[in-house]
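What follows is one structure encoded as structure tokens, with my remarks underneath.
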Amino acid sequence: MPLPNIGGNTYSFNPVTTQHINQYLTRLDFTVRPSDTIWGSWFIQPQTQQETIPFTPGFSSNVPGFAQQDTQRTQQYALTWTPPSAVAW
């Protein structure tokens, strides 16, 4: 454990958080016939984050020098089909 660096029994420092976030969005359109279409979209966001002082439940690592790397991946997708009308007007 580091020794105090300011008055009393206190250690002070500036924690650093580094993030890497990328986002990708894709859309596809397909026309079978003019009245019969399919389209879809897909969103993905991979993310990594390094925290100097992590807060993980169950662990008491709030001391500098014990960093934690978190990885997350968010995805959303949708697919829609517009079928031809079965009713003749």
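The values are calculated or read from the model by the stated rules, or taken from the named source; none is laboratory data. The structure presented is a predicted model; accordingly, all values stated were derived computationally and were not measured. Note: ideal-geometry Cβ built from the backbone for every residue, glycine included; neighbour counts use all protein chains shown.
Just a few scattered comments:
- Residues that are in a loop (DSSP other than H, G, I, E, B), closer than 28 Å to Asn5 by Cα, among the polar types (S, T, N, Q) and at pLDDT 65 or above are absent from region 57-77.
Every residue, every condition in (1) surrounded by fewer than 12 Cβ atoms within 10 Å (Cβ to Cβ); (2) part of a strand (DSSP E or B); (3) modelled with pLDDT under 90, yes or no:
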position	(1), (2), (3)
Met1	yes, no, yes
Pro4	yes, no, yes
Asn14	yes, no, yes
Gln19	yes, yes, yes
Arg27	yes, yes, no
Val32	no, yes, yes
Ile44	no, yes, no
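- In region 1-35, the residues that are among the β-branched types (Val, Ile, Thr), more than 30 Å from Leu79 (Cβ to Cβ) and in contact (Cβ under 8 Å) with a residue 24 or more places away in the chain: Val16, Thr17, Thr18
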